[in-house]
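Asks: Got a structure for you, written out below as structure tokens; questions coming shortly.
Just so it is clear, none of the values below were taken in a lab; they were calculated from the coordinates. In this text, all values refer to a predicted model and were calculated from it rather than measured experimentally. Counting neighbours? That spans all protein chains shown, and the Cβs are built from the backbone with ideal geometry, glycine included.
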2 protein chains.
Amino acid sequence: MSVYQATTSAPVNIACIKYWGKRDTKLILPTNSSLSVTLDQDHLRSTTTSRADTSFDKDRLWLNGIEEEIKDGGRLATCIKEMKKLRREVEDKNSNEPKLSTFAVHICSRNNFPTAAGLASSASGFAALVSSLAALYALPASPSQLSLIARQGSGSACRSLFGGFVAWEQGSLPDGSDSLAIEVAPQSHWPDIHALICVVSDDKKGTSSTSGMQRTVETSPLLQHRIKNVVPVRMEAIKKAILARDFDSFARITMQDSNQFHAVALDTDPPIFYMNDVSRAIIALVTEYNRVSVENGGMLKAAYTYDAGPNAVIYTPKENIKDIVSIIVKYFPQAEAFKDPFGLFGAQGVGEGGVVQGFNAAVAKPFSVGAVKGLIHTRVGDGPRVLAESETLLGANGLPKVVA
Amino acid sequence: MSVYQATTSAPVNIACIKYWGKRDTKLILPTNSSLSVTLDQDHLRSTTTSRADTSFDKDRLWLNGIEEEIKDGGRLATCIKEMKKLRREVEDKNSNEPKLSTFAVHICSRNNFPTAAGLASSASGFAALVSSLAALYALPASPSQLSLIARQGSGSACRSLFGGFVAWEQGSLPDGSDSLAIEVAPQSHWPDIHALICVVSDDKKGTSSTSGMQRTVETSPLLQHRIKNVVPVRMEAIKKAILARDFDSFARITMQDSNQFHAVALDTDPPIFYMNDVSRAIIALVTEYNRVSVENGGMLKAAYTYDAGPNAVIYTPKENIKDIVSIIVKYFPQAEAFKDPFGLFGAQGVGEGGVVQGFNAAVAKPFSVGAVKGLIHTRVGDGPRVLAESETLLGANGLPKVVA
């Protein structure tokens with residue numbers, strides 16, 4: 001008897017134009033379009049195995065080894081139901097297809113990055129879930145079609161169905177059928193874009209993005225202006241910058257939009273803060289690094305962006321990443337040696353870091369070890385991957401394999 | 001021979017609706033109206049003596065004992081010139097008046113609060129300058145007329161010409177003749193409004209408000225929406241709240257407008273931050289204090305507001321000030337005992353502070369001694385005062401008296 005299963009991995013994405021606010025909380029329809037860079041799965045990924053079997057009693061899901069409840073009407077249940085519906089269409093068209101849509105599924109998912117890193121795993125997680133079910137069900141669906149379902153799991157997950165540079169077009173239809181992800185440009189168009197993730201320590205439990213964004217929708221007088229007048233212009237401008245590989249414009253828009261997202265969070269009642277003094281210091285360092293370049297007749301060389309937490313993601317062309325790592329390490333000494341996946345620093349490592357010539361060292365004060373808990377160097381990457389059979393996360397008994 | 005001199009004191013004011021942005025940088029005409037509470041001169045004041053004498057060679061000014069250059073065309077020179085012009089009108093009408101407008105003046109000014117406190121002294125300073133010259137020149141000008149001149153020294157100085165609750169109406173005329181302060185309500189209307197100033201330590205030199213606000217005007221897409229659509233509504237609403245002594249509305253608008261000012265600062269390119277982690281923690285504490293009240297069926301009991309720096313000013317009716325001081329002292333232990341000008345705590349003092357019942361202590365972490373460097377308890381106060389002859393800051397030789 002056949003084993004019906006598939007294993008896929010899906011990437012993390014980090015937005016340049018931020019998603020903040022839903023016009024429909026059930027369907028997860030956003031108040032504005034957004035745009036992100038997909039990060040390399042070689043470094044950060046969710047991996048998911050989905051298996052359909054007549055012996056399974058009910059749909060079950062394990063995340064990082066722990067079973068999660070699939071609540072009726074909840075986001076997980078919605079995604080699984082929608083995927084089964086697409087499978088049924090396949091079966092209805094071809095009666096030879098096994099009736100997988102009638103089988104229960106076991107789903108096992110793992111992230112290769114710690115939850116404590118404060119990286120949103122819901123985007124890669126729901127993208128991996130949807131793409132593993134799509135592979136299991138051999139669906140003829142495009143990534144954009146799958147993005148409609150991933151979106152209902154976690155809004156930003158829809159953008160992890162593509163590699164490269166991805167737009168989530170807000171759409172206008174009440175049923176959400178035009179609120180989907182499209183590829184602006186593939187990874188291969190601009191593979192030079194690297195990213196340094198600065199994992200920032202925080203004392204304070206922040207407001208969840210789900211509740212925070214709706215409080216902004218309800219109370220910020222500035223949000224509507226952002227939605228109607230600012231984001232549409234920025235979406236067009238950043239797409240143009242990406243197509244032209246114009247890093248200067250890409251960086252300017254990315255930083256402006258990160259700041260404006262945090263501005264509308266602050267304009268919320270009561271206000272929402274995600275950035276802390278460490279985040280502010282990283283902004284000051286990137287701003288100074290860019291100032292030196294611009295004053296010498298050059299262009300912007302790096303762009304920070306912050307999601308709903310204090311972690312910084314710094315985008316920069318590959319040629320500048322060494323500068324950026326050196327600056328960050330100088331101000332934020334690391335407990336562990338910088339993991340140097342691209343071999344930037346050779347055997348001697350980054351050492352104590354340093355700044356570029358003309359850099360005003362007084363723009364920030366050096367912090368203690370631990371203020372930035374870790375650094376992850378990665379780059380733009382590809383979309384979900386279907387992995388080999390041998391990569392399955394489920395054992396023969398249909399339960400998660402025990403990880404050593 | 002007569003000595004022509006006058007000594008006045010003028011108060012600090014702290015805005016509830018924030019001034020941020022000029023439409024005319026020379027005349028200091030704002031992009032929006034603003035509204036402030038005048039604080040009690042018994043606690044915080046600038047004191048200024050102006051003397052006119054035929055023996056003086058030129059106009060001179062000393063601030064806190066140090067002579068300041070009066071630059072041609074600068075703000076000080078403009079204010080002195082405008083005041084002399086008003087004096088000339090008096091002399092032209094009555095030929096018996098001594099021709100003081102033709103004499104040079106010596107001006108000596110002192111603040112009774114340290115510059116290190118980070119309290120803007122330009123408002124009280126220019127208000128004291130203008131009111132001392134008005135007294136010296138025996139001008140028939142109203143405080144609103146004088147506010148037109150103080151405004152050209154420092155925008156927010158115009159609001160220190162009145163006590164109580166003061167609006168700076170932005171006006172629309174190109175010459176600025178309708179951009180002036182008016183009294184919304186005197187101190188006596190609502191004397192119950194107290195204020196706790198939390199002087200916050202900061203590592204970082206912030207962006208000056210003069211340059212910061214113009215960068216916001218030039219680069220923030222959200223500012224224009226604030227100016228056109230948000231502030232006009234808030235100005236009317238907060239005036240109504242003041243007239244009705246409706247603290248709940250007053251507090252809500254004050255906090256929202258502080259947050260929106262910092263939001264547009266953050267929406268500036270590069271972004272401007274004035275609040276730090278200590279400021280954020282104080283916001284969390286006031287928010288929690290209000291939450292407890294509201295959840296028990298009460299109203300907002302305190303309102304924070306932040307100017308272009310990390311210091312918090314907390315407005316609260318007198319009955320709650322003890323709660324507020326106790327909460328702040330609990331999270332921000334003080335190196336020196338709380339100066340208790342209103343005798344709230346009696347002989348035993350505030351001790352280690354504490355929170356009210358139902359307060360979730362986890363909303364902020366306790367900070368170390370020095371994070372809040374000092375606390376100043378004050379309240380709504382009156383407008384500029386003309387002081388006795390004996391209070392003069394100038395010696396018989398026309399130079400600043402030496403202060404012991």
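Asks: Round to the nearest 10 and give me the degree value, 0 to 90, for the angle of helix B:231-243's Cα axis relative to the longest principal axis of chain B.
Replies: Result, in degrees: 90.
Asks: Give me, ordered by chain and number, the residues 5 or more places off B:L61 or on other chains with an amide H under 5 Å from its own placed amide H.
Replies: Hits under the 5 Å cutoff: B:E68, B:I107.
Asks: Semi-axes of the equivalent ellipsoid of region A:59-118: what are they in whole Å, largest first, if each equals the square root of 5 times a C-alpha gyration tensor eigenvalue? Write out the running numbers ahead of the final one.
Replies: Working: eigenvalues 164, 30, 21 Å².
Over the Cα atoms of region A:59-118, the ellipsoid semi-axes are 29, 12, 10 Å.
Asks: Quick one: dipole size for the protein assembly as shown, taken about the Cα centre, charges +1 on Lys/Arg Cβ and -1 on Asp/Glu Cβ, in debye to the nearest 20.
Replies: Numbers: 84 positive and 82 negative charges, 64 e Å.
Dipole magnitude for the protein assembly as shown comes out near 300 debye.
Asks: Taking a cut-off of 13 Å between Cα atoms, list the aspartates and glutamates near A:K339, but don't count ones fewer than 8 places away on the same chain.
Replies: Cα-Cα hits under 13 Å: none found.
Asks: Something else now. Which ³J(HN,Hα) values, rounded to whole Hz and listed in residue order, are derived for region B:141-156 from phi using the Karplus coefficients 6.51, -1.76 and 1.60 in 6.51 cos²θ - 1.76 cosθ + 1.60 with θ = phi - 60°, glycine and proline given as x?
Replies: 6, 7, x, 5, 5, 5, 4, 4, 7, 4, 4, 7, x, 7, x, 6
Asks: Scan around B:R379 for amide H atoms under 5 Å from its own, H built in the peptide plane at 1.01 Å from N, and keep only partners 5 or more places away or cross-chain.
Replies: Amide H to amide H, under 5 Å and 5 or more residues apart or across chains, B:R379 pairs with B:D40, B:A195.
Asks: In the protein assembly as shown, with Lys and Arg counted as +1 and Asp and Glu as -1 at Cβ, which of these residues, B:A312, B:A77, B:N64, has the Cα nearest the positive end of the dipole, that is, farthest along it?
Replies: Working it through, the farthest residue towards the positive pole turns out to be B:A77.
Asks: Taking the Kirkwood radius as the inverse of the mean 1/r across Cα pairs, report the Rg/Rh of chain B. Spell out each step's value before the answer.
Replies: Details: Rg = 21.6 Å, Rh = 22.0 Å.
That ratio equals 0.98.
Asks: Under the rule of at least 5 residues apart or a separate chain, name every residue whose amide H is placed under 5 Å from the amide H of B:G21.
Replies: Residues meeting the criterion, in which the H sits 1.01 Å from N, are B:T31.
Asks: Hey, how many Å between the Cα centroid of region B:66-144 and the Cα centroid of region A:136-192?
Replies: 66 Å
Asks: Kirkwood Rh over alpha-carbon pairs of region A:106-151, then Stokes-Einstein at 37 °C and 0.692 mPa s: what D in µm² s⁻¹, rounded to an integer?
Replies: Details: Rh = 11.6 Å.
The estimated diffusion coefficient comes to 284 µm²/s.
Asks: Which values, in whole Å and largest first, are the semi-axes of the equivalent ellipsoid of the protein assembly as shown obtained as the square root of 5 times each eigenvalue of the Cα gyration tensor?
Replies: On the way: eigenvalues 711, 144, 118 Å².
For the protein assembly as shown, the semi-axes come out at 60, 27, 24 Å.
Asks: Over the Cα atoms of region A:305-404, what radius of gyration and what Dmax do you get, in Å?
Replies: 18.7, 63
Asks: Hey, another quick one. State whether region A:179-254 is rounded, prolate or oblate according to the following rule on the C-alpha gyration tensor (a ≥ b ≥ c being the square roots of its eigenvalues): a/c under 1.5 gives rounded; otherwise a/b larger than b/c gives prolate, and the remaining case gives oblate.
Replies: oblate
Asks: Can you tell me the mean projection area, over all orientations, of the convex hull of region A:193-379's alpha carbons? Units nm², please.
Replies: Values: hull surface 45.7 nm².
Value for region A:193-379: 11.4 nm².
Asks: So, one more: Among the aspartates and glutamates, select those whose C-alpha is under 20 Å from the C-alpha of B:K58, and discard any that sit fewer than 8 residues away in the same chain.
Replies: B:E67, B:E68, B:E69, B:D72, B:E82
Asks: Next question, about the same structure. Taking a quarter of the surface of the convex hull around the Cα atoms of region B:348-396, what do you get in nm²? Before the final figure, lay out each step's value.
Replies: Values: hull surface 32.4 nm².
Spelled out: convex hull of the Cα atoms, projected over all directions, averaged, 8.1 nm².
Asks: So what J values fall out for region A:271-286 if you push phi through Karplus, 6.51 cos²θ - 1.76 cosθ + 1.60 with θ = phi - 60°, rounded to Hz, Gly and Pro as x?
Replies: Each residue of region A:271-286 in turn: x, 10, 10, 10, 7, 10, 4, 5, 4, 4, 5, 5, 4, 4, 5, 5 Hz.
Asks: Would you mind checking A:K365/B:K373; A:K18/A:K71; A:K18/B:K228; A:K26/A:K81; A:K228/B:K239; B:K301/B:K322 for any pair whose Cα atoms are more than 23 angstrom apart? Each step should come with its number before you reach the end.
Replies: On the way: A:K365/B:K373 20 Å; A:K18/A:K71 29 Å; A:K18/B:K228 25 Å; A:K26/A:K81 15 Å; A:K228/B:K239 30 Å; B:K301/B:K322 12 Å.
Long pairs (Cα-Cα over 23 Å): A:K18/A:K71; A:K18/B:K228; A:K228/B:K239.
Asks: Something else now. Expressed as a fraction of 2.2 N^0.38 Å, the rule-of-thumb size for a compact globular protein of N residues, what is the C-alpha radius of gyration of region B:21-148? Working shown, then result.
Replies: Values: Rg = 15.5 Å, N = 128, 2.2 N^0.38 = 13.9 Å.
Against the compact-globule rule of thumb, the ratio is 1.12.
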